[in-house]
1. Mind listing the phi-derived Karplus ³J(HN,Hα) values for the range 105-111, rounded to whole Hz, using 6.51, -1.76 and 1.60 with θ = phi - 60°, and x for any glycine or proline?
2. Between ASP111 and LYS139, what length comes free when the chain is fully extended (0.36 nm per residue of separation minus the Cα-Cα distance, one decimal in nm)?
3. If we sort 33-45, 158-170 on the protection proxy, mean other Cβ atoms within 10 Å, highest first, what's the order?
4. Given H placed 1.01 Å from N in the peptide plane, which residues other than close sequence neighbours of VAL247 have an amide H under 5 Å from its amide H?
5. Mind jotting down the distance between the C-alpha centroids of the range 101-178 and the range 184-206, whole Å?
6. Mind listing the phi-derived Karplus ³J(HN,Hα) values for the range 36-47, rounded to whole Hz, using 6.51, -1.76 and 1.60 with θ = phi - 60°, and x for any glycine or proline?
7. Using the Karplus curve 6.51 cos²θ - 1.76 cosθ + 1.60 with θ = phi - 60°, work out ³J(HN,Hα) for each residue of the range 160-166 in order, rounded to whole Hz, and write x for Gly and Pro.
8. State to the nearest 20 debye the size of the charge dipole of the range 120-253 about its Cα centre, where the only charges are +1 on K and R beta carbons and -1 on D and E beta carbons.
Amino acid sequence: MTSSTTAMTYVIIGGASGMGLATVQTLLARGSEVAVCDISEENLETLLAHLTPEASSKCFAKPVDVTDRSAVNFFFHAAKEHFGKLNGIANFAGTGGHGLGTDAVWQTSEDEYNFIMDLNVKGLFNVLSSALVPGFLSKHASVVHIGSIFSEKGFLNGAVFAASKHAALGMVRSAAKETKGRVRVNCVLPGVIDTPMHRANLARVKNFTPTPATPIPRDGTAQEVANVVTFLLSEESSFVTGDAWNVDGGANA
Ligand SMILES: NC(=O)c1ccc[n+]([C@@H]2O[C@H](COP(=O)([O-])OP(=O)(O)OC[C@H]3O[C@@H](n4cnc5c(N)ncnc54)[C@H](O)[C@@H]3O)[C@@H](O)[C@H]2O)c1
């Protein structure tokens, strides 16, 4: 399929599972080149093993921990050197933490606070502080960060998670003002999406129902999020920046 993402080059962080994986597959199917990184070497190997030879030739993959600033910077430069240009970046690496849906703020340890903030906030800082240096990304590039519907409201027994997602949205909106359109910067806010992360929460917490009454009464799919991320990465969204796009079946309506 030809689209405005054909022949474009994107970095996908946290691209070996769930919504990131669906985005990698979507972009490759549309003829983009994709540099994918993830903390899970095992999942990256599985991803590469399932690519066609043609898709494989357009995919550059390395293990990276997004909380490691120099590793993120090194990967971005390696990806740019490999493909010759970067038209955009999407960051899916994130966490709900180990006590999402069960632990009130007074039951949350300092280590847990640091773990969530490091991944959900510092990870994004590492991405933006490296990617938005003038001249690094191609003209009209686009950066997309994956927040949550809880970027805009509280989560019962998920205060630090909700705080981290609010903070990241603030960073995205501010960065969009700083780049003034040189690079567009947006957030996607998923509702409940059927991914390995959500399935792990369901296995851990009885009746894990973060959005009990959505107008579209089902979980979303990773592909439904990938479709919106792909649109925001593409030039079809050329007048969209500093924005937060809900993909939540109307849960925030
Ligand atoms: N699934 C949902 O219902 C849901 C809802 C709202 C928001 N989100 C957010 O969407 C994003 C993607 O979630 P998903 O459901 O696709 O999860 P997932 O667990 O399927 O995928 C997340 C990927 O990020 C990778 N990752 C984790 N820590 C990393 C690190 N330090 N460095 C690099 N990669 C790392 C994981 O290995 C995994 O491949 C997360 O930010 C999550 O908070 C998920």
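1. 4, 6, 9, 9, 7, 5, 4
2. Working: separation 28, 0.36 × 28 = 10.08 nm, distance 4.01 nm.
My answer for the length gained is 6.1 nm.
3. By packing density, highest mean first, the sequence is 158-170, 33-45.
4. For VAL247, the qualifying residues are LEU189, GLY191.
5. 14
6. In residue order, the calculated couplings are 10, 10, 6, 6, 8, 5, 4, 5, 5, 4, 4, 4 Hz.
7. Karplus values, whole Hz, x for Gly and Pro: 6, 4, 4, 4, 5, 6, 4.
8. Details: 13 positive and 9 negative charges, 80 e Å.
With Lys and Arg at +1 and Asp and Glu at -1, about 380 debye.
Where a number appears in this text, it was derived from the coordinates with a stated rule and is not lab data. These numbers come from a predicted model, not from an experiment. A quick note on method: Cβ atoms are made from the backbone with ideal geometry, for glycine too, and the neighbour counts reach across all protein chains shown.
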